Each structure stands twice: as C-alpha cells, then as structure tokens.
Amino acid sequence: MTAGQEARLGSDTAPASIQQTLLLVDDDVEILTLVAEQLRIAGYNVLTSVDGAGMRSALAANHVDLIVLDLNLPGEDGLSLCRETRTQGNIPIIMLTARGEPIDRIIGLEVGADDYISKPFEPRELLARIRSVIRRSSTPQKAPEPATPKRAKFRDWTLDFENRRLVKADGRVVMLSGSEYSLLKFLVENANQVLTRDQILTLTAEHHDDRSIHSTERIADLQISRLRQKLNDNARSSDLVMTIRGQGYVLAAAVAFE
C-alpha cells in the first residue's frame, strides 16, 4: 500500500484539519498494516512505507508530525535514515526494532531518535509514546532568562553588584554601607527616572511610623548627601545625582550593564 493510499484511508477517519499525521516505516507489512489501523482508530492520519525511498517520498509530499521508524530495514537501515532526517529537520522520531540490547537503544537515541520501543509491543504502549513525544515536541520552549548583570558603569564609576562596592575609573575602591549600596543600585537601575524620598526611606530602611513629613525629607536628604560624598558629587553643583524640586532625586547619567 502506498503512502498516498494510506493518506486517503486516514482522511476518512476525521477532518484532516484536526488530524496529526504519522509516518510508519517498517518492512514487515503485517505489522505495518495492524499498527496503522490501530493508530487510525485513535484518530491519526497515517502514512506508511516499507523502505527509505518510500519514506523520503512521503516526507516530501506530506506534512508529518511524527515518524515511527523500524531499525532493521532492507537497504538503508533505520539508524542511517534517522540520522539523515535529523540533518533536515526536527520531526519527532520513535525507533522501532525487534532487538532488545541496550546498545541499540543508546545508538538510536544518539543519532537523534526521541524515543525507542522494542517488538513485540502493545499498540496501546506505542500510542502512549506517540502522544507523549508529540506533546513534548509541541510544548513551547521557555526562553532563557537574560543573564543577571555583574556590574553597571556610569560616568567614571563602576558599581560592582557581586562585591557590592563602588570603583572609580582609576581603580580606587569606595566601600558602601548596606543602605548606600541599595540606594545607588536603585538609582542606577532606574537611571534618569525620579526617585521619591519615600522610596529612598524604604530602600535604606531608615523609617519610623511616627515620622513627620519634615523628618522624612531630612532623612532622605541625608542619605543622598552621604551618597554624593562617596561619588564626589558636589551638592551645590551636582549634575550626577540631581535634585528635582518637589519630587525627589534622579541619577542623570547613561548606564551600561555588563
């Protein structure tokens, strides 16, 4: 039975738009026919082939969601076909073989098979493996999270996140207290954005439930003053940690994270 004939038989089972297509490649026609029928009953569109040439033709003419590939085929064996298919795309492959030696399974997986099942097998087991492999292959891969920066550079300064210290361009190290480091890190991460006095107090943990508005401002201003001293940033002519009247403070500098 040709791949085209198998496809037409499969299309009678369910609407083609919702079917997934499987390609079975096995030179044992009896097993091929039996397994194909079981998979059609399960709702799949099934193509079949008895050798590598038929497999290539089926792949060229159809969209295939998964290949069940026998290891022992006449002419080209399943390992060679699996390796060739892997160089051309990412169609999931389940290797099928009468052998049961672990070395065969290892070789099959090494050349790119997604799973491996030995004959004789229960059709339900093959069906379960097919569903599992298709589910894994269709699950979107989570994008890798961006690497956490180790340092931030601005003006003549480098804020070292790993060692929690401030380094001048000439190599001089300026040690920071915990609150100074937290405040500068927040300013750096939000460069050119206004940081309010309440945010400063939250970061430095220097706040009290009974503080007045005036005491809040004084504490925040003191924190900024200390930080400016570490940065050699004159308060009267500051162009680095700038005061935004009635709002708060802003780090007015371009920041590069590395």
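Read-outs: derived from the displayed coordinates by stated rules, not from any lab. On a predicted model such as this, the values are computed, not experimentally measured, just so you know. Here the Cβ is made from the backbone with ideal geometry for all residues, glycine too, and neighbour counts use every protein chain on show.
So which lysines pass the test for K230, namely a Cα distance under 18 Å, with those fewer than 8 places away in the same chain ruled out?
Reachable lysines: K153, K168, K185.
Less than 9 Å Cβ to Cβ from V25, Lys/Arg counted +1 and Asp/Glu -1: what total charge do the surrounding residues give?
So the environment of V25 carries a net charge of -4.
Once fully extended, how much extra length lies between A147 and R218, figured as 0.36 nm per residue of separation less the alpha-carbon to alpha-carbon distance? Don't jump to the answer; show the numbers that get you there.
Working: separation 71, 0.36 × 71 = 25.56 nm, distance 3.77 nm.
Net length gain for the segment: 21.8 nm.
Which distance in nm do the two modelled labels at I41 and L127 give, with both placed 7 Å along the Cα-to-Cβ direction?
Between I41 and L127, the simple spin-label model gives 0.7 nm.
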